[in-house]
């Protein structure tokens, strides 16, 4: 069920641009990576920022460094792009000031935090801050009641930080399949840290986690169905339905949303020469009309409009 994963490494440095264009370019670049956001630059005319972006389909790791800035995601922004994914923030230098659900926290080197894009948030930092930001799939960890914070100096947290560091360092020597596999491993480890201390997963929790992981890896296969997922994982379809019901979804919706997220990522790639039909097929849809209807229902725009927006 596997195919070759397209993999990209992109370097951006605003110092290469005229000073008057740097803040606007940075805003466009960040929104392309993380969705709709608002920006508060400390000094727009002198702003300097750099990123190294690694990307394979819906997986992304950003190593960024920049002068002081504030980012805000509003209720209107949440509605505009309907992105339900999460963001893991791991500062390397400097301090990230984070607020979500009226919970404010400061994230320093040695710690990390996860925020959901389904609710408004604010992130700000002073100058000369560097951090990693990694995409996590929707529902990977619980984020109710504010950001999920964790330490990354010891135990599982240290392993997570080490994997992210090495994946960033080896960016030119990995391919899409490897990048996706490592980010999946990191996601699973974060899910372990997201459980209450000492808690053990019950059967339905284990089923939910296994199904989400399997769908992430195989959603692009047009032959994949809820029944096949159940067969491949060795559980009954009823068990899978019960497990996913506890987190507010169904096997069919989980599979459809994973395929739509994959298609949306490919449509947003400025350099992509794929046709919309080929993207629909590569994302696991057999019918172009079904794909178009589902895409419009989820994101509020047609696939063509999403592609045009990504190329602006």
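The values are calculated or read from the model by the stated rules, or taken from the named source; none is laboratory data. Note that this is a predicted model, so its numbers are computed, not measured. Don't worry about glycine lacking a Cβ; one is built from the backbone with ideal geometry, like all the others, and counts go over all protein chains shown.
Scanning the range 170-193 for residues that are modelled with pLDDT under 85 and more than 23 Å from residue 229 (Cβ to Cβ) yields one hit, 193.
Answer yes or no as to whether residue 27 is in the same structural domain as residue 121 (by TED's automatic domain parsing), in a helix (DSSP H, G or I) and surrounded by fewer than 16 Cβ atoms within 10 Å (Cβ to Cβ). The answer is no for residue 27. Restrict the check to the range 253-268 and report whether at least one residue is more than 17 Å from residue 137 (Cα to Cα), in contact with a helix residue (DSSP H, G or I) (Cβ under 9 Å, 6 or more places away or on another chain) and assigned to a loop (DSSP other than H, G, I, E, B). Yes: one or more hits.
Given 115, 123, which one is in contact with a strand residue (DSSP E or B) (Cβ under 7 Å, 6 or more places away or on another chain), surrounded by 15 or more Cβ atoms within 10 Å (Cβ to Cβ), under 18 Å from residue 85 (Cα atoms) and without any contact (Cβ under 8 Å) to a residue 40 or more places away in the chain? Lay out the reasoning, then the answer.
Values: 123 fails: without any contact (Cβ under 8 Å) to a residue 40 or more places away in the chain.
Exactly one of 115, 123 is in contact with a strand residue (DSSP E or B) (Cβ under 7 Å, 6 or more places away or on another chain), surrounded by 15 or more Cβ atoms within 10 Å (Cβ to Cβ), under 18 Å from residue 85 (Cα atoms) and without any contact (Cβ under 8 Å) to a residue 40 or more places away in the chain, namely 115.
Residues of the range 239-248 include none that is assigned to a helix (DSSP H, G or I), out of contact with any strand residue (DSSP E or B) (no Cβ under 6 Å at 6 or more places or on another chain) and under 25 Å from residue 32 (Cβ atoms). Any residue that is without any contact (Cβ under 8 Å) to a residue 40 or more places away in the chain, out of contact with any helix residue (DSSP H, G or I) (no Cβ under 7 Å at 6 or more places or on another chain), part of a strand (DSSP E or B) and within 27 Å of residue 219 (Cα to Cα) - is there at least one of those in the range 87-109? No - not one qualifying residue is present in the range 87-109.
Out of 90, 30, report the one residue that is touching a strand residue (DSSP E or B) at 6+ places or on another chain (Cβ under 6 Å) and at pLDDT 95 or above.
Values: 30 fails: touching a strand residue (DSSP E or B) at 6+ places or on another chain (Cβ under 6 Å).
Step by step, each of 90, 30 is checked, and only 90 is touching a strand residue (DSSP E or B) at 6+ places or on another chain (Cβ under 6 Å) and at pLDDT 95 or above.
In the set 56, 82, 4, 46, only one residue is surrounded by fewer than 16 Cβ atoms within 10 Å (Cβ to Cβ), within 26 Å of residue 281 (Cα to Cα) and at pLDDT below 95; that residue is 4. Filtered by the rule that a residue be touching a helix residue (DSSP H, G or I) at 6+ places or on another chain (Cβ under 8 Å), in a helix (DSSP H, G or I) and either in contact (Cβ under 8 Å) with a residue 40 or more places away in the chain or not assigned by TED's automatic domain parsing to the domain that holds residue 110 (or both), the range 142-183 gives 157, 160, 164, 167, 179, 180, 183.
Taking into account only those residues within the range 85-108 that are over 30 Å from residue 295 (Cβ atoms) and buried (at least 18 other Cβ atoms within 10 Å of the Cβ), which is farthest from the chain's Cα centre (by Cα)? Across the range 85-108, the extreme among qualifying residues is 94.
When residues in the range 274-302 are screened for being farther than 18 Å from residue 223 by Cβ and assigned to a loop (DSSP other than H, G, I, E, B), 5 of them pass. Candidates are the residues of the range 128-138 that are surrounded by fewer than 21 Cβ atoms within 10 Å (Cβ to Cβ) and in a loop (DSSP other than H, G, I, E, B); the one that is modelled with the highest pLDDT is 128.
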